[in-house]
Amino acid sequence: MKHERFGQARVLSTVELDLLVECLPAGPHRVLATLLRYTAGRVSEGLQLRWAHVAGPAVLFPAPITKRGLKSREVPQHPALAAALAEWRELWPLWVMKAAARVNGPAGLDESLKGPNPADFLFPGRNPQEHITRQSFDLRLRKAAELAGLAGVSSHSFRRSGLSAASGAGIPLRTLQSLSGHSSLATLSLYLEVSEDQKRQAALAFA
């Protein structure tokens, strides 16, 4: 388990993930956590997404924002993620206006802003032309984990939890690799946690 930035991020159960997400402040940080949870994406990839990348039934991680930038991948949208993104689309203009007002004062308000354009960042920072920072998300995630009483949590917990749960449900590794973007099955296997129940089931299947 991760401790003081060493070790692997903790794998969380569905109940623990629900609690962690609810402990995050409403707004881009909570929606980003939801996206990472249901896509097993890397936080660096999620931060760089634009509205055009979530316009269809899948989340598109284009090659330039992926690790090593070699290959794009698509992850079908989980219904819970689709609902969260639809709600966030409605709230996005208000968030951007409030962020601009904090930086520029009342003059920063643009009440003509009706909604995001395809090229706009999904998770805008104080400057709408930039996305929220990794440091900002990590800080809020640490506070949420403390509030939820969950140790060993990092942004990678969403990725490890999703992949481990899918593997435990019997999803083939090749399928998981196509969704996670791992370079090899060996690398992917390092992310997967084997539960005690899975070990017991395997032991009972021994010849």
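The values are calculated or read from the model by the stated rules, or taken from the named source; none is laboratory data. Keep in mind it's a predicted model, so treat the numbers as computed, not measured. In this analysis, Cβ positions are derived from the backbone assuming ideal geometry, glycine residues included, and neighbour counts consider all displayed protein chains.
If we keep just the residues of region 167-186 that are in contact (Cβ under 8 Å) with a residue 12 or more places away in the chain and either under 13 Å from the mean Cα position of the chain (by Cα) or within 22 Å of LEU32 (Cα to Cα) (or both), which is surrounded by the fewest Cβ atoms within 10 Å (Cβ to Cβ)?
As a first pass, look at region 167-186 and keep what is in contact (Cβ under 8 Å) with a residue 12 or more places away in the chain: 167-168, 173, 176, 178-181, 183, 185.
Remaining after also requiring either under 13 Å from the mean Cα position of the chain (by Cα) or within 22 Å of LEU32 (Cα to Cα) (or both): 176, 178-181.
Values: LEU176: 21, SER178: 14, LEU179: 20, SER180: 22, GLY181: 21.
The selected residue is SER178.
For region 125-160, enumerate the residues that are under 18 Å from LEU47 (Cα atoms) and among the β-branched types (Val, Ile, Thr).
ILE132, THR133
Residues in region 158-174: is at least one farther than 30 Å from CYS23 by Cα and either hydrophobic (A, V, I, L, M, F, W, C) or part of a helix (DSSP H, G or I) (or both)?
Checked region 158-174: at least one residue is farther than 30 Å from CYS23 by Cα and either hydrophobic (A, V, I, L, M, F, W, C) or part of a helix (DSSP H, G or I) (or both).
Taking the options LEU150, LEU188, LEU179, name whichever one is out of contact with any strand residue (DSSP E or B) (no Cβ under 7 Å at 6 or more places or on another chain) and at pLDDT below 95.
Working: LEU150 fails: at pLDDT below 95; LEU179 fails: out of contact with any strand residue (DSSP E or B) (no Cβ under 7 Å at 6 or more places or on another chain).
The match here is LEU188.
I'm trying to understand the selection: among the residues of region 125-141, which are polar (S, T, N, Q) and outside any helix (DSSP H, G or I)?
ASN127, GLN129, THR133
Please specify each residue of region 106-124 satisfying the condition of being modelled with pLDDT of 95 or more and not in a loop (DSSP other than H, G, I, E, B).
Once the filter is applied, which keeps residues that are modelled with pLDDT of 95 or more and not in a loop (DSSP other than H, G, I, E, B), region 106-124 yields only PHE121.
When you look at ALA58, is it without any contact (Cβ under 8 Å) to a residue 60 or more places away in the chain and within 20 Å of ARG134 (Cα to Cα), yes or no? Reasoning before the result, please.
Values: without any contact (Cβ under 8 Å) to a residue 60 or more places away in the chain: yes; within 20 Å of ARG134 (Cα to Cα): no.
Considered against the rule, which asks whether it is without any contact (Cβ under 8 Å) to a residue 60 or more places away in the chain and within 20 Å of ARG134 (Cα to Cα), ALA58 comes out as no.
What is the residue count in region 138-159 for residues that are hydrophobic (A, V, I, L, M, F, W, C) and without any contact (Cβ under 8 Å) to a residue 12 or more places away in the chain? Don't jump to the end; show me each part of the working.
Residues of region 138-159 hydrophobic (A, V, I, L, M, F, W, C): 139, 141, 144-145, 147-148, 150-151, 153, 158.
Those still in the list that are without any contact (Cβ under 8 Å) to a residue 12 or more places away in the chain too: 139.
Of the residues in that region, 1 qualify.
Tally up the residues in region 177-202 that are outside any loop (DSSP other than H, G, I, E, B), within 15 Å of ALA40 (Cα to Cα) and not polar (S, T, N, Q), please. Walk me through it before giving the result.
Within region 177-202, the subset outside any loop (DSSP other than H, G, I, E, B) is 177-180, 185-189, 196-202.
From the residues that got through so far, the ones that are within 15 Å of ALA40 (Cα to Cα) too are 177-180, 187-189.
Among the residues that remain, those that are also not polar (S, T, N, Q) are: 179, 188.
Here the count works out to 2.
May I ask you to list pairs of residues, at least six apart or on different chains, whose Cβ atoms are under 7 Å apart, with the first in region 187-207 being under 23 Å from PHE158 (Cα atoms) and the second being assigned to a loop (DSSP other than H, G, I, E, B)?
Close Cβ pairs (under 7 Å, with a partner that is assigned to a loop (DSSP other than H, G, I, E, B)) amount to LEU188/HIS182; GLU193/VAL11.
Can you pull out every residue in region 143-161 that is buried (at least 17 other Cβ atoms within 10 Å of the Cβ), over 15 Å from SER189 (Cβ atoms) and not hydroxyl-bearing (Ser, Thr, Tyr)? Steps first, answer last, please.
Kept after step one, since they are buried (at least 17 other Cβ atoms within 10 Å of the Cβ), are these residues of region 143-161: 144-145, 148, 150, 153-161.
Keeping just the survivors that are over 15 Å from SER189 (Cβ atoms) gives 144-145, 148, 150, 153-158, 161.
Within region 143-161, ALA144, ALA145, ALA148, LEU150, VAL153, HIS156, PHE158 meet the criteria.
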